[in-house]
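The values are calculated or read from the model by the stated rules, or taken from the named source; none is laboratory data. Here the structure is a predicted model, which means the values were calculated and not measured. Don't worry about glycine lacking a Cβ; one is built from the backbone with ideal geometry, like all the others, and counts go over all protein chains shown. For accessibility, only protein heavy atoms count, side chains too; no ligands or nucleic acids. Shrake-Rupley method; radii C 1.70, N 1.55, O 1.52, S 1.80 Å.
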Amino acid sequence: MVKVFIERKNKTEEITASTVMDLLKKLNINPETVLTVRNNELLNLNDKLEKKDNIKLLNVISGG
Amino acid sequence: MYERQISLIGKESQLNLNKKTITILGLGALGSNSANLLARAGINLKLIDFDTIDETNLLSQSLYNYNDLKKNKAETAFKKLKEINPLISINFINTIIDDSNLDLLKSDLVLDCTDNISTRLLINEYCYKNKIPLVHSAVIGYKGVIYNSLDNQPCLSCIYKSFSNEEKCETFGVLNTIVSLISSIAVNEVIKILLKENYEKALLRIDIKNNEIEKIKTKKDKNCICCGLGESISFKTYKLCKNETSFIITPLKKIQINESNLKNFKIKEKTNNSFLVSYKNQDLIIYKNGKIIGNNFKKDIINLIYENG
């Protein structure tokens, strides 16, 4: 199970997912609206996830 | 004027800064705060914005006051900055940046203070192709980010993908304190880059509600549409003017549109390089090079045109 903090909901969930894309699909989150971060490193959609990963889904900030 | 800065960076670096010109794109909250700091630091400026000042801007757009309402931001900023530092060269351009005038960005560095991802990705592509350092800054609510895209750093398109559901400062709100903080750090990064000092490689993300600073390591996306091999997103869309429903779409690869692409549309007029068409009571200008100008962006229109190519 991957532990995911979803910033928009200020909530942590546990979910089984093999890649970032798989994770976002299961959470029904549009990949273009978040940055996926693991251990302070940005992940790409095809990056693999491992059990016990701690993932953060951060909102994209674009105001100016 | 620069004595107190010279005592830290040295006279040679100050002279170096005095020779540099940077473009500030967007003279809103981040742009006006950053321009103020950069002008005082002795850096020549090119200011670009199409917008005018309204009362809600006065919370965080530090160059403007009540007497400036309805005036053009770039021109007003120019006048204020000239009073602050008459020793530097400042130019202003009242325009919206699109793919027809990207050369206006030519300078020693571009500071991105725009307010939407589409424009940010457009200028990222120009800066990447022309090897112009890009410092990206953005804010919303209690949070802000800064990222330097130059040298072999992943470009902005490796990080952000084009999307339309953005949270806007107009609707979500923003604190002037985060604006001030993010502007200060962004300007500090600009100066480091201009002086060829060690600049921040990570994506800096700051949350002043919880006083948290994150340094997020970025990496190149091999499918990036700008610096990678990606072609998955075949077009870019961005606002044409203040009216949010107007758009221009530019394909990211070479395509050729002819009448056979437009069988789902009613062709009302045609010229050597474009068609005026109608679709569901909506007029669009479609250029033979694939550029589309219209109102009320709908993805199905794009698919109809490009997928019939």
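Worth pointing out:
- Cα shape, the stretch B:54-154, gyration tensor, a/c 1.5 rule: prolate
- Relative contact order for the stretch B:1-55, counting Cα pairs under 8 Å that sit 6 or more residues apart, in percent: 39
- Mean residue ellipticity (222 nm) of the protein assembly as shown, computed from DSSP H runs ≥ 4 via -39,500 (n - 2.57), nearest 500: -7500 deg cm²/dmol
- Spin-label model distance (nm) - residue B:282 vs residue B:220, 7 Å beyond Cα toward Cβ: 3.8
- Size of the A/B contact, given as accessible area buried on both chains, probe 1.4 Å, in Å²: 2300
- Fraction of antiparallel bridges per DSSP, chain B only, in percent to nearest 5: 70
- If you bin all the Cα-Cα distances of the stretch B:18-64 at 5 Å, starting from zero, the percentages per bin are 5, 23, 32, 22, 12, 6, 1, 0.
- In loop segments of chain A as defined by DSSP, the GluC sites (Glu not before Pro) with at most 16 further C-beta atoms inside 10 Å of their C-beta are A:50.
- Here the Kirkwood formula, the inverse mean of 1/r across different C-alpha pairs, assigns the protein assembly as shown a hydrodynamic radius of 22.0 Å.
- Shape class for the stretch B:73-217: rounded, because the ratio a/c of the largest to smallest gyration tensor axis (alpha-carbon atoms, square roots of eigenvalues) is under 1.5.
- The calculated FRET efficiency for the pair residue B:66 and residue B:196, based on their C-beta separation and a Förster distance of 30 Å, comes to about 0.10.
- Measuring against 28 Å, Cα to Cα, the residue pairs B:161/B:291; B:131/B:201; B:79/B:143 contain B:79/B:143 as the ones spanning a longer distance.
- For chain B, built as a Gaussian network whose Cα springs stay under 10 Å, the top-fluctuating residue of B:277, B:187, B:174: B:277
- Peptide A:53-62 shows a mean partner chain C-beta count of 6 within 10 Å per residue C-beta.
- Accessible solvent surface per residue of the stretch B:24-126, calculated while the other protein chains remain in place, 1.4 angstrom probe, Å²: 37
- For the protein assembly as shown, the share of DSSP beta bridges that are antiparallel, to the nearest 5, is 70%.
- Residues of the stretch A:1-45 whose accessible area (probe 1.4 Å, heavy atoms of protein chains only) drops by at least 20 Å² once all protein chains are present, relative to their chain alone: A:7, A:32, A:33, A:35, A:40, A:41, A:42, A:44.
- DSSP assigns beta bridges within chain A; of those with both partners inside it, close to 75 percent run antiparallel.
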